[in-house]
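To start, the structure itself, in structure tokens.
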Amino acid sequence: MKRRQFIGYAGVGLATAIVPTFASYLPANAQSGGVSVQWLGHTCFLFTGGGVKILVNPFRQLGCTAGYRLPKVSADLVLISSQLLDEGAVDGLPGNPKLVFTAGSYEFKGIQLQGIAIDHDRKGGKQFGINTAWKWQQGGVNILHLGGAAAPISLEQKILMGRPDVLCVPVGGSDKAYNAEEAKQAIAVLNPKIVIPTHYRTQAADPNACDIAPLDEFLTVMQGTTVRRSNSDTININSGNLPDSSLIQVLSYKF
């Protein structure tokens, strides 16, 4: 039986929140169906579509995120993958968005969400605990955000995740997320249509407190896969025109 859980409010605090073409690369303000995906730095994204705004993994400015702007954007729902400060800092978000941070099945404004537990380290979760990967459909597009996954994807997890249209996958390594080779293996398992790499070193990083690799290491490992680079931090993706095989989409961050 499908387990139903409650969705809490960000303003209440974490402890009390229990609770599926080739992409149409259109200008961010284009009026098209589907979903708008905005990269706010690190593993933080804002997904807008179907009249709903979903924010994933807002962070604090420290270490690898020191030079990014705080993602204080308006959202209806906030999903976080862990309570580490680079994936689960909800203080100061505008309004009173609803918050989900625990694996399970949820419904929000007609959107079905699935939080899937996967280890946040390579030691069975003993070092950094459990990461929650988030799966949902918005604007007709199947989205899977792996958060800070660090463990291989099991058969059971693969069944829950399905084949995403858009996969946000960490690629920079460290003790708490996939490195380039591990990200490649996850992509092979999931066979997504569009891959958006996350959790890699940029000029936002504090050089003395950031141990993740730059994007180039992942792109080198993925040689042979088409790479598209956007001059914007935002793309619109339409469900009617997705690629048949995986394509890597790199978004730009305006410092």
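The values are calculated or read from the model by the stated rules, or taken from the named source; none is laboratory data. Quick caveat: nothing in here was measured; it's all calculated off a predicted structure. All Cβ positions, even for glycine, are placed from backbone atoms using ideal geometry, and neighbour counts span all protein chains on display.
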*Sort through Gln114, Gln83 and tell me the only one that's out of contact with any Phe, Trp or Tyr (no Cβ under 6 Å at 6 or more places or on another chain) and at pLDDT 95 or above.*
Gln114
*What tally of residues in the stretch 155-189 results from selecting those that are modelled with pLDDT of 95 or more, polar (S, T, N, Q) and in a loop (DSSP other than H, G, I, E, B)?*
1
*asked:* Among (1) crowded, with 21+ Cβ neighbours inside 10 Å; (2) in contact with a strand residue (DSSP E or B) (Cβ under 9 Å, 6 or more places away or on another chain), there is one condition Gly173 misses while meeting the rest; what is its number?
replied: (2)
*small (Gly, Ala, Ser), at negative phi and not in a loop (DSSP other than H, G, I, E, B), is that true of Ala209?*
no
*Kindly establish whether Gln61 is out of contact with any helix residue (DSSP H, G or I) (no Cβ under 8 Å at 6 or more places or on another chain) and more than 29 Å from Gln185 (Cβ to Cβ).*
yes
*Go through the stretch 133-148 and count every residue that is of a type outside the set (Phe, Trp, Tyr) and assigned to a strand (DSSP E or B).*
9
